[in-house]
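As structure tokens, the structure follows; a few thoughts come after it.
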Amino acid sequence: MSYDFDDHDTIYSQATAPGKAGVAIVRISGPGAIEALTAIAGPPPEPRYLALRRLRDQEEVIDDALVVRFDPGASFTGEAVAELHLHGGVAVVARTLAALSRQPGLRPASAGEFTRRALDAGRLDLTQVEGLADLIDAETEAQRRVAVAISTGSLSATVEKLRASAIEALALVEASIDFADEDDAPEDVAAEVGERIGYMMRELTALVGVTKVGERIRDGFRVALVGAPNVGKSSLLNAISGKEAAIESPIAGTTRDVIEVACDIGGLPVTFVDMAGLRASDNAVEAEGVRRAFRVAEDADLRLFLSSPDVAAVDANGLFREGDLTVWTKSDLGAGIADLSVSSLSRDGLTELLDEIAERLRSRAMASVSASRSRQTIIMSKAIDDLSHVAPGEALEIASANFRAVIDRLDELIGVVGTEDVLGEIFSRFCMGK
Ligand code: GDP
């Protein structure tokens, strides 16, 4: 997908989801926004005040709508912006968009183009853009919480501090290069630089650590159901997804050996994985399925080992890890020994099981998360690597080059410098109108 972002165009798009609704919002951004608003709605209201206007196209009334405008420098995109709050009918929106298409210099916005303009105008940095994309995608409370922190600048603030520290360290090193031939070269430079490196390493390492939690919150924790055939895995999965709102699985690439159901468990996105492939067989194809299912169970955040009155527990084969749960299923048929008992039939014990799962995962999600994407982790890890190469007593020129590299990486993180393909990748995932 290629982008033709021309700053001088005025763009417009429906900002609300397509389809019937009480209200639909059409947004216009760019130098011609207010003129276009005036052409179809009459005199514009004061900035940031809603006003009722009758919209017209070619002498015909389109709708009565609330309109609002924002001045350049005081809008989401940084440009002049107008919004039309229409009655949310498909034809109303279509006719409004048609009317706008007739205005000189206006063209439909591409996906993410409003946000791209906000980035270009410095209204948001790249981490905030990523946070905003996640906020729109957030389906659970934990996802919303992380996304809103990042979109309002929690990662940007940390990166800003690190960047300032790297610039100070660079200045110190460069000053001592200048003084190197003189008698009064600053002697405590090495100690000061070392302190700054220590600070940056600690901050970055902590950030990389919590990003793993952030990625889990963004993509969902995975809980594997492990048990022999007929122990009740799929029944349990059905009972859980019937009780909790099943959310659209954010994870692609599932194999047919593994059945996944994504749920909102106490605000945490949790994907339950039924190891269909663990139904062992002599068949070579199924053996491959078993191997894959085993890997999936191993990589899960939590494993539930199932046994029931009529089916013995499978040999956990070293899969069991601290924090995992044993679950006695079909408890309506008889009692057994396990961490928890549940009946998918009577639903006894289901709430307790879900509470326990939420509790175990929540303790891992408690870290205050301010980064959530692998793009961010990769850049931060490279910066840690750069810093680790600034060894004490190393040639000052090399230290200087490493600090410059760290500053470049931090700039890349917040999007001050960036390649068009990274931006294209991020913006292509935005929906139309954002
Ligand atoms: P899976 O092969 O592990 O997915 O097991 P299933 O969920 O297909 O269940 C195997 C059999 O056990 C089916 O006949 C289910 O109806 C039965 N079953 C599953 N859960 C319960 C339960 O809670 N109570 C009772 N009585 N039967 C159950």
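The values are calculated or read from the model by the stated rules, or taken from the named source; none is laboratory data. Predicted model, so just to flag it, every value in this text is computed and none were measured. Reconstructed Cβ throughout: ideal geometry from the backbone, glycine too, with neighbour counts over all protein chains shown.
Listed values, structure above:
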| quantity | calculated |
| --- | --- |
| Single condition S363 does not satisfy, out of (1) within 16 Å of the ligand (Cβ to nearest atom); (2) free of Cβ contacts under 8 Å to residues at least 40 places away in the same chain; (3) out of contact with any strand residue (DSSP E or B) (no Cβ under 9 Å at 6 or more places or on another chain) | (1) |
| Selection from region 297-313 of residues that are away from the ligand (no atom under 14 Å from the Cβ) and surrounded by fewer than 21 Cβ atoms within 10 Å (Cβ to Cβ) | E298, D299, D301, L302 |
| Verdict on P31 being closer than 15 Å to V68 by Cα and surrounded by fewer than 18 Cβ atoms within 10 Å (Cβ to Cβ) | no |
| Any chance E174 is more than 16 Å from the ligand (Cβ to nearest atom) and free of Cβ contacts under 8 Å to residues at least 24 places away in the same chain | no |
| Test: residue in region 142-159 that is basic (K, R) and at pLDDT 95 or above | no |
| Residues located in region 320-339, provided they are out of contact with any strand residue (DSSP E or B) (no Cβ under 6 Å at 6 or more places or on another chain) and more than 20 Å from S363 (Cα to Cα) | D332, L333, G334, A335, I337 |
| Yes/no for V342 being within 10 Å of the ligand (Cβ to nearest atom), within 37 Å of the chain's Cα centre (by Cα) and aliphatic (A, V, I, L, M) | yes |
| Condition check for L353: assigned to a helix (DSSP H, G or I), within 13 Å of the ligand (Cβ to nearest atom) and closer than 24 Å to L268 by Cβ | yes |
| Only listed residue being more than 34 Å from the chain's Cα centre (by Cα) and closer than 30 Å to R291 by Cβ, chosen from A335, A313 | A313 |
| So S75, is it assigned to a loop (DSSP other than H, G, I, E, B) and crowded, with 16+ Cβ neighbours inside 10 Å | yes |
| Members of region 299-315 found to be more than 14 Å from P229 (Cα to Cα) and among the small types (G, A, S), listed by number | A300 |
| Filtered residue count, region 219-264, keeping only those that are away from the ligand (no atom under 13 Å from the Cβ), in contact with a helix residue (DSSP H, G or I) (Cβ under 8 Å, 6 or more places away or on another chain), at pLDDT 85 or above and part of a loop (DSSP other than H, G, I, E, B) | 0 |
| Subset of region 304-313 [of a type in the set (A, V, I, L, M) and part of a strand (DSSP E or B)] | L304, L306, V311 |
| Residue match in region 206-214 (condition: of a type in the set (V, I, T), closer than 14 Å to T158 by Cα and at pLDDT 90 or above) | no |
| Top-ranked residue of region 314-335 - restricted to ones that are within 12 Å of the ligand (Cβ to nearest atom) and not in a strand (DSSP E or B), ranked as surrounded by the fewest Cβ atoms within 10 Å (Cβ to Cβ) | G334 |
| Residue ID - farthest from A21 (Cα to Cα), chosen from residues in region 78-109 that are touching a Pro at 6+ places or on another chain (Cβ under 9 Å) and surrounded by fewer than 19 Cβ atoms within 10 Å (Cβ to Cβ) | G105 |
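Conditions tested, residue by residue: (1) more than 31 Å from the chain's Cα centre (by Cα); (2) part of a strand (DSSP E or B); (3) over 26 Å from S151 (Cβ atoms).
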| site | (1), (2), (3) |
| --- | --- |
| E46 | yes, no, yes |
| R53 | yes, yes, yes |
| V68 | no, yes, no |
| V93 | no, no, yes |
